[in-house]
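Colleague: Quick one: structure below, then a few questions.
The values are calculated or read from the model by the stated rules, or taken from the named source; none is laboratory data. The shown structure was predicted, so the numbers you read here are calculated from the model rather than taken from an experiment. Cβ placement follows ideal geometry from the backbone for every residue including glycine, while neighbour counts extend to all protein chains displayed.
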Amino acid sequence: MIDKHDRATAQADSAASTATSSASGDAHESFLRDFDTMGGFGATGHGGVDRQAASEADNEQRRWFQGLLEGRGFTVEYDRIGNQFGLLELVPGAPYVLIGSHMDSQPTAGKYDGAYGVLAAAHAAFRIADEASAGGASAGVAEGAKYNVAVVNWFNEEGSRFVPSMMGSSVYTGVLPLEDALAVRDKAGISVEEALRPTGFLGEGAGPVAALCAEIHIEQGRLLENAGTTIGLVTATWAASKYRVVVRGEQAHSGATVMEDRKDALYGASLLVVFARELTDRFPGKLHTAVGQLDVYPNSPVVVASEVTLLLDLRCDDEALLAEANALLDARFAEIEAKADVEIERTLSHSWDINPYQPAGVDLARSVAEELGLSNDEIMTVAGHDSTNMKELVPTVMLFVPSVDGISHNEGEYTEPGDLVAGLDVLTGVVRHLIRGNLS
């Protein structure tokens, strides 16, 4: 929130806004041009991208992004897990306001998820840099600045190639030990360290010291679109339980083995997949479940599967309901073991309760959106984001813009250009306040 001591700088911001309003159209066009260019890295045949972490497409866009930042006078650095930082120094020696998201993607993905937030952060920082160096009224943006700005492209947020997701921000915030992250291997047996080492993106330091953080992202749902709202003010994450499940049976001939003698791991896994979906019917609109990955052994057309590994997650906006869903799931595990004559090993790999963002950040974002005349409302995030790690370390602002039809992790993912630049304007306004410490 803006207190009375910030009125002078707020007036300077207003003057700066008036002085630069004629250039806003050009700034929007520049952003949209860069966004189109960015979408060409790892482009697929139906308008999406395949840019998994440390793939050649990911490496190419990182090189392009480094050039974009350096071309605007930013210093680019990489930390020990490959997070990419574009540094703008306003107050020598001071900590940084980290702004950004991720540019890696799912195997067949849309070009907005994560990447929009990184490029919006860069262009917000470009505006801050221009305003700080322009002189006159525009110089007011740097008056009273306490912090510098770091644009961040977090490594392996998606977790599609290397598990777990949000890897870069987890290492940065200390949630995941560096050594564990570097040792993770993809399905081809290549470790994170082996994938990053030849790229030049594996640094030695821990990254810039953060004081505050902001991230903007597409919603990936359709609440904002349904309500006709432009800016989502993220207040909290849904609660979640994530399981790694191994179903063990016995390998057998798929034709000759008598049916009652079979211990079919895939049959057992299938019962679990169906139950996970049907479980949501008991909590309509409140529970989301998915089995996003299924590995079958030996995966032969004439062999009854002896082992299936799957990843199952449950997400809910009510902790009590999530506990009830977990209890129902636990009971179903025992029923499936008996019905399919298999053994099930399950591990709760990740879990978290409903976790709020700092209310001061929500208030700040609301005030900026209202000053810009943009419709806004509070919203929770169902998906995980790097900011969910960062908010445990420093005060953090999370913003959403609408997703058309709620489509995400899909080549048809789309956000209207007007919503993209509106989000950019709000993020820029938020950063103007954050560099002066207005979210302490």
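Colleague: Hand me the list of helices (runs of 4 or more DSSP H) wholly inside segment 322-436 holding 1 or more residues that are more than 28 Å from MET167 (Cβ to Cβ) and in contact with a Ser or Thr (Cβ under 6 Å, 6 or more places away or on another chain).
Modeller: Here the list reads 417-434.
Colleague: Continuing with this model, one more query. Among GLY228, GLY203, which is closer than 30 Å to ALA145 by Cα, of a type outside the set (S, T, N, Q), in contact (Cβ under 8 Å) with a residue 24 or more places away in the chain and surrounded by fewer than 20 Cβ atoms within 10 Å (Cβ to Cβ)?
Modeller: One residue alone meets the criteria, GLY203.
Colleague: So GLY406 ticks every box in (1) free of Cβ contacts under 8 Å to residues at least 60 places away in the same chain; (2) in contact with a helix residue (DSSP H, G or I) (Cβ under 8 Å, 6 or more places away or on another chain) but one. Which box is left unticked?
Modeller: (1)
Colleague: Also: Strands (runs of 3 or more DSSP E) wholly in segment 46-131 with at least 2 residues that are buried (at least 24 other Cβ atoms within 10 Å of the Cβ) and at pLDDT 95 or above - which ones?
Modeller: Hits in segment 46-131: 84-88, 96-102.
Colleague: Right, here's the next one. Of the residues that sit in segment 348-380 and are at pLDDT below 95 and not hydrophobic (A, V, I, L, M, F, W, C), which one is nearest to GLU225 (Cα to Cα)?
Modeller: The selected residue is ASN355.
Colleague: Can you tell me which condition LEU310 does not meet? The list is (1) within 31 Å of the chain's Cα centre (by Cα); (2) in a helix (DSSP H, G or I), and all the others hold.
Modeller: (2)
Colleague: Could you check ARG222 against (1) buried (at least 19 other Cβ atoms within 10 Å of the Cβ); (2) assigned by TED's automatic domain parsing to the domain that holds THR381; (3) in contact with an Asp or Glu (Cβ under 9 Å, 6 or more places away or on another chain) and say which number it fails?
Modeller: Here ARG222 meets the rest and fails (1).
Colleague: Next question, about the same structure. Regarding PRO417, is this residue at pLDDT 95 or above, in contact with a strand residue (DSSP E or B) (Cβ under 9 Å, 6 or more places away or on another chain) and more than 20 Å from ALA276 (Cα to Cα)?
Modeller: no
Colleague: Evaluate the following for VAL152: is it outside any loop (DSSP other than H, G, I, E, B), among the β-branched types (Val, Ile, Thr), in contact with a Ser or Thr (Cβ under 9 Å, 6 or more places away or on another chain) and at pLDDT below 95?
Modeller: In short, no.
Colleague: Which one of GLU179, GLU193 is without any contact (Cβ under 8 Å) to a residue 12 or more places away in the chain, more than 27 Å from ILE344 (Cβ to Cβ) and touching a helix residue (DSSP H, G or I) at 6+ places or on another chain (Cβ under 9 Å)?
Modeller: Checking each option against the conditions leaves just GLU193.
Colleague: Check LYS391, LYS339 and return the single one that is in contact with a helix residue (DSSP H, G or I) (Cβ under 9 Å, 6 or more places away or on another chain), in the same structural domain as VAL151 (by TED's automatic domain parsing) and basic (Lys, Arg).
Modeller: The conditions single out LYS391.
Colleague: So, one more: Applying the selection to segment 255-299, what residues are in a loop (DSSP other than H, G, I, E, B) and in contact (Cβ under 8 Å) with a residue 24 or more places away in the chain?
Modeller: Those that are in a loop (DSSP other than H, G, I, E, B) and in contact (Cβ under 8 Å) with a residue 24 or more places away in the chain: GLY255, THR257, ARG262, ASP264, PHE283, LYS286, PRO298.
Colleague: Among the residues of segment 163-197, write down those that are polar (S, T, N, Q) and in a loop (DSSP other than H, G, I, E, B).
Modeller: SER165
Colleague: I would also like to ask the following. Any chance you could count how many residues in segment 44-69 are in contact with a strand residue (DSSP E or B) (Cβ under 6 Å, 6 or more places away or on another chain) and more than 23 Å from GLU194 (Cβ to Cβ)?
Modeller: Number satisfying all stated conditions: 3.
Colleague: Further, regarding this structure: Residue by residue through segment 282-306, note down the ones that are over 32 Å from the mean Cα position of the chain (by Cα) and not aliphatic (A, V, I, L, M).
Modeller: PRO298, ASN299, SER300, PRO301, SER306, listed by residue number.
Colleague: For segment 330-348, which positions are touching a residue at least 60 places away in the same chain (Cβ under 8 Å) and within 15 Å of LEU279 (Cα to Cα)?
Modeller: ARG332, PHE333, ILE336
Colleague: Go through segment 198-245 and give me each residue that's closer than 19 Å to TYR112 by Cα and in a strand (DSSP E or B).
Modeller: Result: ALA214, GLU215, ILE216, HIS217, ILE218, ILE231, GLY232, LEU233, VAL234.
Colleague: Go through (1) within 21 Å of LEU439 (Cβ to Cβ); (2) surrounded by 22 or more Cβ atoms within 10 Å (Cβ to Cβ); (3) of a type outside the set (D, E, K, R) one by one and return the number of the condition GLY144 breaks.
Modeller: Failed condition: (2).
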